[in-house]
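Trainee: Sharing a structure, written as C-alpha cells. Questions coming.
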Amino acid sequence: MILDEIHERDIETDMLLVLVHRLLATKNNFVKVILMSATMTSEKIAEYFKHFTSRGVQENAPILNLGINRRFPIIVSNLDAWDSCGASREMINPDVPGISKQLMKVAVNVIALKQKSNLVPSFLVFLPGIQEIQRFKDELYRPHDGFDISDYHLTVLHSSIPTEDFAKAFDGSVDRKIILATNIAESSVTLPGVRFVIDFCLTKYQETDTATNMTRLKLDWASKMSLKQREGRVGRTEEGEVIRMIYKDHEESLQSETKPEIQRASLESVVLKTKQLNMGSPSGILGLALDPPPRNAIIDSILVLKEIGGLTRSSKKDSQMFSSNDGELTFTGMVMARLPVDIRISKLILLGYLFSCLEECIIIGAGMSSKGVFKQTTADQKMEEFHQRFEQARGSGSDAIVMLNAYQSWRKAVANNLRGEREKKWCNEQMLALKNLREIHELVEEIKNRLQQFRLDIDDVAFQYKSDEEKIFVLKMCIAGAFYPNYFLFGGSPPAREDYKELKNSNPCSTIFFKGVEVNRLGQLYEQQVRQKLFEVGVTDNINGMQVKFDRNSTRLMVEFKSQLNDNEGENIFELVPGEVRLEVYKAVKFGKLEKKIEIKVMENRQKEEAFAVEKGLGSWRQQKFEFHKKTLKASSLCIYPKLHDRRRIPGFVSHVRKFYQKFLT
C-alpha cells in the first residue's frame, strides 16, 4: 500500500493513517505500507508507526531518503533584499496577517524589475484567496513605471474558476505569463515556463469556533512546510527564483507545519464514520490520530449529532443514562454517514422527503455543496450577474431558491435538446457556470442513488402542492429546520423618523443618494445626465422612472425610484424582490459596494451654469435669487452636452442611509 502527499494532513489522510495504524497490529508479514512526501516531518511519522521487530524490540518505522537533487538551482530571497522596490517593515504586521496595498505595489515593482532582465519571464504569485487575487489583479491593471499588463497572459488558478480557464497556465508555448494562484498550486503541479515565484506567505483555511460551532475561513501566515512546497514550483525545467514578501526574521518565526485539519475543523461527519467502523467510541478512535483533536471538540460534535438526531442519547454500555462521549447510530445518522454532503444538508434532504419536496431539497443541498451555479464574472459584469440572481430568485429572496431555479432552468433547456455550443452560449447569457452545473447534476444523481439504498425515492410523494409559492414556503421551512440554530433573522423595524429626515422626507425604501457632490451647484441641469448614468451602469432599466433631487446644503444628489404602473390593471408591476425595498435600491447599494464611481460632467462654475440656464429659458433671477421655472425638461436641446463642458468631472459614490440599510441589507 502506497500513501502519497502525507504532508497535506487533511481529515481523510489522518483517518486513513489511524486505520492503517490500527490494522498494522494484525497485518500479514508480507504487507508493506509506504508513506511518501517531499516535505513531511519523517521522524514524527516514523515514531507514530513504531513496531515490534522479530526480536521483540520496539523500533520506529524505517526512513528512506531518496536524496533526489534538483536539476536546476533556486534562488530564495526575502523583502530584506528589495528595498529598491519600495519595501519597508511598516507594510507588514506579523501579528495581523494580511496584504497591504503598498505591499502589492512592491510585488508589481519586483515583476517590472525582473521583466527588464529576462526576455520571456513568467511569474507564479501565491495569494491566500479569491478576494486577494482580485485586488492584486486590479493592481496589475493600474499604471506602473516599467510595467504593462498587456505584455502578459494573466491566468487565475482557484477552485471556483472553471477548469478550461486553466489552460494557459499549463501551456508551455505561451510566453510571459502571470499566474495568480492560491494553495491549489502548492503541490503536485508543474507549470511550464514559470521561472519566478512571488509568495505573500499567507493561506486561508477553515476553522470551527468551538463556542458557536460555526465554521469560518481564517486568514493566517503559511507554515515553513508550505513555503517549501511553493518553492518547489520552480527549478523543475529551468533555473528558478523565489521572492517571499516577508522579512527573514518573520519567516523564521513561522510555524514548522500547517495545523492539521482534524484539529481545527468540524468533526460531525468524522464521528459518524467512526461509528460505522464499529471499532470503539469516537474519542477512542480519534485519540489514536497522529495529532489528536481536542477532546472537547469531539464531545461537542457528538452533542450536535444527538441534537439533530444522528446519534441516540445513550450508548450500548449504559442504555439508561445520557452519554456525551458516545451514542448509537440512528436511521437518520446512517443516512447522514452515507451521503457525501454536510450533516445539515443531509437533514435538509430528509426533511424534503417528509414534506414531499425531496428532489428540490436534493438539488438545493447539492448546490450548497458545490462552487455555486453562477460563473466568475469580471468587474464590468457584476451588475448583470446581480440582476440575474434576482431573476432566478423570482421574488423568493432566497439564494437557495436561486440555485434551485437556475439548475431546473438548465435541465429543462437540456431536455429540449440544448447541446454543445448552444448550451455554452445559453449558460453565458444566463451568467451560469456550465461545468459547475454538470458537477451539481452528478452529485444530485449520486445522492438519489444512495438514498435508494434506504428506500427513499423522489417519487414517494405524500401530497401535491397547490402552487409554486406554497412549495417555496415549505422549502424555506425545511431549510430553517435543517440549519437551526445556525442562521440569523434578516430584517428589522420600518424606517425611523431620522431616516426620513436624512433623506429630506424621501422614502428610504426607494431612495439612494450620492456623496461627494460639489456644493453650490445647479443640480437641476444635470438631472438627465444622472438618469442616463444610472441606466448605463445597470441600476435601473427605466430611465424616466426616477426623480432626481439636488440638495444644495448637504452636498447630496438624491434619486427616488418611482413605482411603474400596469396600464391594464392599475397595479404595481411585479418586482423581483420581496418586501418594501425596491430592486433599484438593492442594485444601487451593490454598485456602491463595488467601489465604482459615477462621473458627472459639469461646467466650470456656478456663474456659467446660471448663464446657460437663463439662455435656455430654464430659470431667472428674482429678488437676488436664482430660481428654476417649473416645467419638465424633455427636449434634448435643454441638456448639457460635452462640448459645453470645461473637461471637468466630479466623482460621486452611491451611498445609503446607514442605520436603516444596516438592518435591511446586511
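The values are calculated or read from the model by the stated rules, or taken from the named source; none is laboratory data. Because the structure is a prediction, the values reported are computed rather than measured. With ideal geometry, Cβ positions are generated from the backbone for all residues, glycine too; neighbour counts draw on all protein chains shown. Ligands, DNA and RNA are excluded from the accessible area calculation, which covers all protein heavy atoms including side chains. Shrake-Rupley method; radii C 1.70, N 1.55, O 1.52, S 1.80 Å.
Trainee: What is the calculated FRET efficiency for Thr377 to Arg176, with r their C-beta to C-beta distance and R₀ = 35 Å, to the nearest 0.05?
Mentor: Using R0 = 35 Å, I get an efficiency of 0.85.
Trainee: Of the cross-linked pairs Lys317/Lys371; Lys382/Lys549; Lys137/Lys435; Lys32/Lys316, which ones have a Cα-Cα span greater than 32 Å in the structure shown?
Mentor: From Lys317/Lys371; Lys382/Lys549; Lys137/Lys435; Lys32/Lys316, over 32 Å: Lys317/Lys371; Lys32/Lys316.
Trainee: Leaving ligands and nucleic acids out of the surface, order Leu288, Leu351 by accessible area at 1.4 Å, largest first.
Mentor: Details: Leu288 60, Leu351 35 Å².
Largest accessible area first, the residues go Leu288, Leu351.
Trainee: Now for a separate question. What distance in nm separates the two pseudo spin-label positions at Lys504 and Lys476, each 7 Å out from Cα along the beta-carbon direction?
Mentor: 3.6 nm
Trainee: In addition: From the cross-link list Lys228/Lys425; Lys306/Lys448; Lys204/Lys590, which pairs have alpha carbons spaced over 31 Å apart?
Mentor: Result: Lys228/Lys425 exceed 31 Å.
Trainee: Testing the spin-label approximation: label points 7 Å from Cα along Cα→Cβ at Asp145 and Arg438. State their distance in nm.
Mentor: 4.9 nm
Trainee: Contour minus end-to-end for Lys114 and Phe52, with contour as 0.36 nm per residue of separation and end-to-end as the Cα-Cα distance? Intermediate results must be reported in sequence, preceding the final value.
Mentor: Values: separation 62, 0.36 × 62 = 22.32 nm, distance 5.53 nm.
Separation in residues times 0.36 nm, less the Cα-Cα distance, equals 16.8 nm.
Trainee: Report the net charge of residues surrounding Met336, where surrounding means a beta-carbon distance below 12 angstrom and charges are Lys +1, Arg +1, Asp -1, Glu -1.
Mentor: So the surrounding residues net to +4.
Trainee: Shifting gears a bit: Ignoring ligands, DNA and RNA, please state the percent of accessible area on the stretch 11-100 from carbon and sulfur, probe 1.4 Å.
Mentor: Of all accessible area on the stretch 11-100, carbon and sulfur atoms account for 56 percent.
Trainee: For Lys412, go through the aspartates and glutamates and keep the ones whose alpha-carbon is under 15 Å away, minus same-chain ones fewer than eight residues off.
Mentor: Cross-link targets: Glu359, Glu360, Glu423.
Trainee: In this model, which of Lys347/Lys375; Lys273/Lys424; Lys501/Lys596 are farther than 30 Å apart at the alpha-carbon?
Mentor: Beyond 30 Å between Cα atoms: Lys273/Lys424.
Trainee: For every other residue with a beta carbon closer than 9 angstrom to the beta carbon of Glu251, add +1 if it is Lys or Arg and -1 if Asp or Glu, then tell me the sum. Please report the intermediate quantities before stating the final value.
Mentor: On the way: positive: Lys224, Arg244, Lys248; negative: Asp249, Glu252.
Neighbour charge sum, excluding Glu251 itself: +1.
Trainee: What does the accessible area per residue of the stretch 351-510 come to in Å², with a 1.4 Å probe and no ligands, DNA or RNA counted? Kindly include the intermediate steps, with their values, before the conclusion.
Mentor: Details: 8990 Å² over 160 residues.
That works out to 56 Å² per residue.
Trainee: Another question, then. For the stretch 188-295, what % of the accessible area comes from carbon and sulfur atoms, probe 1.4 Å?
Mentor: Working: 2050 of 4420 Å².
Answer for the stretch 188-295 is 46 percent, counting heavy atoms of protein chains only.
Trainee: Quick one: go through the stretch 363-395 and flag any residue whose amide nitrogen is under 14 Å from the point 7 Å out along the Cα-to-Cβ line of Leu418.
Mentor: Hits in the stretch 363-395 for Leu418 at 14 Å: 374-375, 392.
Trainee: Can you give the FRET efficiency for Tyr465 and Arg411, using 1/(1 + (r/R0)^6), R0 = 25 Å, r = Cβ-Cβ distance, to the nearest 0.05?
Mentor: Working: r = 19 Å, r/R0 = 0.77.
Once rounded, the FRET efficiency stands at 0.85.
Trainee: If you don't mind, another one. Once the other residues with Cβ under 12 Å from the Cβ of Glu12 are scored (Lys, Arg +1; Asp, Glu -1), what is the net sum?
Mentor: In short, -3.
Trainee: Something else now. With each pseudo-label sitting 7 Å past Cα toward Cβ, what's the Asn325-Ser369 distance in nm, one decimal?
Mentor: Taking the two extended label points, one gets 3.3 nm.
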